[in-house]
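Notes follow the structure.
Coordinate-derived values only; no laboratory data. Since this is a predicted model, take the numbers as computed values, not measurements. With ideal geometry, Cβ positions are generated from the backbone for all residues, glycine too; neighbour counts draw on all protein chains shown.
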Amino acid sequence: MLNLDLSGRRALICGASQGIGAATASTLADCGATVTLLSRNKERLAAVHQTLPGDGHDLLALDLGDPAALADGLENLSDRHYHILIHNSGGPPAGRAIDAHPDEFEVGFHQHLIAGQRLAQALVPGMREAGYGRIVNIISTSVKEPIPGLGVSNTVRGAVAAWAKTLSRELGPDGITVNNVLPGFTETPRLDSLVAGKAKSQDTSEDQVQKTMLAGVPLGRFCKPEETAAAIAFLCSPLAGYITGINLPVDGGRLGSL
Ligand SMILES: NC(=O)c1ccc[n+]([C@@H]2O[C@H](COP(=O)([O-])OP(=O)(O)OC[C@H]3O[C@@H](n4cnc5c(N)ncnc54)[C@H](OP(=O)(O)O)[C@@H]3O)[C@@H](O)[C@H]2O)c1
């Protein structure tokens, strides 16, 4: 029998107020996990919290891009015994690398790489104690093929992928796996704003922008956040116990590389 049961497991899910993070919270709770939802907006987190199956779930309003607030928030967590960490948040703003102010890189590194490091350092001791740990980073297909017009994102995501691979080798002996999920075009508020932005800058319709995007996706449609969440749930489950250090694209076949 395939075992996706996460009963008795606690999961900290970042970027959980909408999109892929919210879908992941719902799926992991469906599998029996007790989840803590983390993002900046307390009201939106509370709305997601209300929809979760099961009980014992809670929420934490924190800005992953604010190093002091994150350090404080993690220090003050009443119980840092989590089995699962979903490291996720919003992507850096679009633009070419050459045009980005150096500070934009600093902001991106704080929100993505350094926040991940703080989260891992806070939670790994509990995972070690439990002899069960799953760290899943939600990054981007840009770690395999940099995406034009996402200069800061491409750079920061590559660093997160290298950090995750390094961690996977360091933490394997503790029974902790570290993997990356690389979403393709996924129907979330981020995709909506991306499409609207492109339509405006190219002086065309949102329909046309979507058609052009989908022309490069062999499966010919956008991904549902629940489909990304299913892949994440698999990586968090006992079934995926021998999978660590990988990049898993959930992109409908869009990446041209192996
Ligand atoms: N959707 C796609 O097509 C796609 C494709 C490739 C890669 N990705 C990447 O996958 C990740 C998730 O995508 P998504 O589409 O679900 O994004 P989304 O709809 O923009 O949601 C991002 C989530 O992260 C939270 N967040 C943003 N900044 C934060 C911060 N500083 N601290 C804490 N939480 C923060 C947001 O909540 P609050 O506002 O409440 O903080 C929200 O819950 C992103 O990194 C995105 O770039 C997405």
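Tabulated results
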{"read-out": "The chain: DSSP helices with Cα axial extent of at least 15 Å and average Kyte-Doolittle hydropathy no lower than -0.5", "value": "19-30, 115-130, 151-171, 189-201, 225-236"}
{"read-out": "Dimensionless Rg ratio for the range 198-258, taking C-alpha atoms and the 2.2 N^0.38 Å reference", "value": "1.49"}
{"read-out": "Proxy reagent accessibility, fewest Cβ within 10 Å first, across ILE20, ILE86, ILE243", "value": "ILE243, ILE20, ILE86"}
{"read-out": "Scattering profile of the chain at q = 0.09, 0.12, 0.16 Å⁻¹ [log10 I(q)/I(0), Debye over alpha-carbon scatterers]", "value": "-0.38, -0.69, -1.25"}
{"read-out": "Separation of alpha-carbon centers, the range 1-47 and the range 54-118, rounded to whole Å", "value": "16"}
{"read-out": "Whole-percent pair-distance distribution, where bins are 5 Å wide, for the alpha carbons of the range 84-139", "value": "4, 18, 23, 18, 14, 10, 7, 4, 2, 0"}
{"read-out": "Loop-resident sites, the range 1-106, for trypsin sites (Lys or Arg not before Pro), counting at most 13 other Cβ within 10 Å (DSSP)", "value": "ARG96"}
{"read-out": "Neighbourhood charge, 13 Å Cβ-Cβ cut-off, centred on HIS83 and excluding it, Lys, Arg +1 and Asp, Glu -1", "value": "+1"}
{"read-out": "Ascending count of other beta-carbon atoms within 10 Å, so fewest first, for GLU206, GLU129", "value": "GLU129, GLU206"}
{"read-out": "Ranked list, fewest to most other Cβ atoms within 10 Å of each Cβ, for CYS14, CYS31", "value": "CYS31, CYS14"}
{"read-out": "Close Lys-Lys pairs in the chain, where close means Cα under 30 Å and separation is 8 or more or interchain", "value": "13"}
{"read-out": "log₁₀ of I(q)/I(0) at q = 0.17, 0.18, 0.19, 0.23 Å⁻¹ - the range 151-258, Debye sum with one point per alpha carbon", "value": "-0.93, -1.00, -1.07, -1.30"}
{"read-out": "Extended-chain gain in nm, criterion 0.36 nm per residue less alpha-carbon gap, GLN121 and ARG96", "value": "5.8 nm"}
{"read-out": "Rg over Rh, two decimals, the range 46-154 (C-alpha only, Kirkwood Rh)", "value": "1.02"}
{"read-out": "The range 1-111, Cα convex hull volume normalised per residue, Å³", "value": "121"}
